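Down below is the structure, laid out as structure tokens.
Just so you know, all these numbers are worked out from the coordinates, no wet-lab data involved. Treat the numbers as computed from the prediction; the structure is a model and nothing was measured. Cβ: placed from backbone, ideal geometry, glycine included. Neighbour counts: every protein chain shown.
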Amino acid sequence: MKEYQLKNPYNGTVVNSYTQDSSTEISLKLKKALSIEASWASMDIADRCDLLTNVAELLIDRKEDYAALMTQEMGKPYSQGISEIEKCAWVCDFYALNAEDLLADEIIETDADESFISHDPLGCVLAVMPWNYPFWQVLRFAAPTLTAGNTAMLKHAQNVTGCSLAIEQLFLDAGYPEGCFQSIKAGHEEIENLIGNDGIKAVTLTGSEKAGKSIAATAGSNLKKSVLELGGNNACIVWEDADLEKYIKTMATARMQNTGQSCIAAKRFIVCADIYDDFLAHFTEQVKSFKIGDPMQEDTFIGVMAREDLAEELQEQVDKSIALGAKVVLGNERDGAYFAPTILTEVTAEMPVFKEETFGPVAAILKAKDRDEAIALATNSRLGLGSMLFTEDIDAAMNVISNIPDGAFFINDMVKSDPRLPFGGTKASGYGRELSREGILEFVNKKTVYIKK
């Protein structure tokens with residue numbers, strides 16, 4: 001069995017050591033999930049909602065501990081970890097309040113005496129989750145999926161194993177039956193075998209395009225439902241009438257929060273020529289104002305990246321773009337897992353920082369001659385997670401909604417997830433939706449019931 005250590009990316013100290021689960025251990029965990037499947041599915045929805053309320057309360061009670069754990073394992077600034085846990089409590093409260101209505105039978109008028117759609121749980125759902133939001137990515141899946149009556153198995157990113165185990169214990173402490181939510185420490189081969197097991201009814205993944213293709217292929221070959229939330233190359237479009245004084249901090253935060261390690265971060269800033277110089281000056285000043293340092297300090301906004309190899313990959317993307325003509329306005333300094341907040345100008349569509357997802361604190365700035373060119377550049381991407389547009393001309397912004405092929409379009413705000421709204425992408429950013437009504441219905445059997453008396 002594989003043993004591995006987790007190291008704090010800020011200071012290199014060993015956080016903990018773990019041993020990967022054996023195939024036998026994983027099989028036993030699946031059997032445990034299947035053993036309680038029927039009783040969990042038959043539990044009254046109101047009772048499942050009560051348990052979810054317990055989860056929300058425990059999250060708030062433990063938010064300092066959980067935030068510190070994220071900081072130690074993947075370098076998240078502590079204050080942003082607190083916000084992440086509070087958001088996890090929000091999604092639990094949302095589904096605890098609304099799940100019963102969202103899962104209610106949908107009456108359909110036909111020539112039957114009675115006909116309706118029943119929303120039945122599928123069974124055990126496997127979740128493969130990333131390290132960048134170690135609690136939020138899991139809770140936004142688990143809250144609706146468990147409340148719908150499914151059980152869940154979590155394969156988390158290896159570098160946040162402690163977070164994974166803490167989430168499993170969270171559900172147990174909240175009163176969920178053993179086997180309802182379980183964490184597994186597994187490699188690629190074990191996950192493929194697990195997806196092929198008849199006991200797993202569906203799989204969801206948040207991660208890279210490469211991982212998504214692999215999981216989708218395995219799930220498809222086994223005729224299993226899958227939901228994929230993959231990478232993003234979000235555009236921040238700035239029209240010439242944008243209110244920079246009001247929104248520049250929002251724009252800079254959209255790139256630099258979580259040290260730039262977010263799929264929905266603004267990565268390409270496409271700015272109309274008339275406002276370009278003002279934007280660049282304001283944006284650079286705002287990025288410089290963000291506190292850099294020890295992620296455990298409450299006022300630190302930008303810390304280190306989660307692993308040194310990730311910083312090295314980002315450096316390669318930046319270096320290739322500079323070789324193609326990009327200019328460094330700020331940053332481009334690296335020390336281990338630390339990558340300085342970086343601003344690049346004179347970016348073109350051929351450069352890696354335009355074509356690829358940059359998962360770190362690098363902002364690519366492009367000048368567009370007018371609004372039409374800005375929209376054309378923004379939509380020039382294989383990815384389709386979200387876009388944002390800053391303007392005072394709301395009517396004109398509303399008119400381009402249909403021209404944005406992404407899963408989300410935000411006007412005068414950064415793209416963000418909200419339990420009340422569906423979240424997901426198009427194109428190479430994946431398929432399916434999380435959160436809101438759509439999220440809780442992803443892993444149910446929408447069963448037609450037709451009755452004649």
If you plug each phi of the stretch 56-61 into the Karplus form 6.51 cos²θ - 1.76 cosθ + 1.60 with θ = phi - 60°, what whole-Hz ³J(HN,Hα) values come out, in order, with x for Gly and Pro?
4, 5, 5, 4, 5, 4
The answer for F181, listing residues at least 5 apart or on another chain whose modeled amide H is closer than 5 Å to its amide H, is A152
Please work out which option in (1) 38, 27, 19; (2) 44, 28, 20; (3) 32, 28, 19 gives semi-axes √(5λ) of the Cα gyration tensor in Å calculated from these coordinates, and answer with its label.
(1)
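Computed over the Cα atoms, what is the radius of gyration of the stretch 45-181 divided by 2.2 N^0.38 Å, N being its residue count?
Values: Rg = 16.6 Å, N = 137, 2.2 N^0.38 = 14.3 Å.
Rounded to two decimals, the normalised Rg is 1.17.
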HN-Hα J in Hz across the stretch 317-332 - Karplus 6.51, -1.76, 1.60, θ = phi - 60°, x for Gly and Pro:
4, 5, 4, 5, 5, 5, 4, 8, x, 5, 10, 8, 8, 8, x, 6
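Give the order of D198, D50, D395 when sorted by the count of other beta carbons within 10 angstrom, beginning with the fewest.
Neighbour counts put them in this order, fewest first: D395, D198, D50.
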For the stretch 289-376, which trypsin sites (Lys or Arg not before Pro) are in a loop by DSSP, counting at most 15 other Cβ atoms within 10 Å?
K291, K369
Give, rounded to the nearest 20 debye, the magnitude of the charge dipole that the chain has about its Cα centre when Lys and Arg contribute +1 at Cβ and Asp and Glu contribute -1 at Cβ.
1080
Please give me, ordered by residue number, the GluC sites (Glu not before Pro) of the stretch 79-141 that lie in loop per DSSP and have at most 11 other Cβ atoms within 10 Å.
E109
What ³J(HN,Hα) values, in whole Hz, does the Karplus curve 6.51 cos²θ - 1.76 cosθ + 1.60 give for the stretch 412-424 when θ = phi - 60°, with x put for Gly and Pro?
6, 6, 7, 5, 8, 8, 8, x, 7, 10, x, 10, x
Counting DSSP beta bridges with both ends in the chain, the antiparallel % (nearest 5)
40
Once amide hydrogens are built 1.01 Å from N within the peptide plane, the residues lying 5 or more places from G407 or on another chain with amide H under 5 Å from its amide H are L385, G386, T426
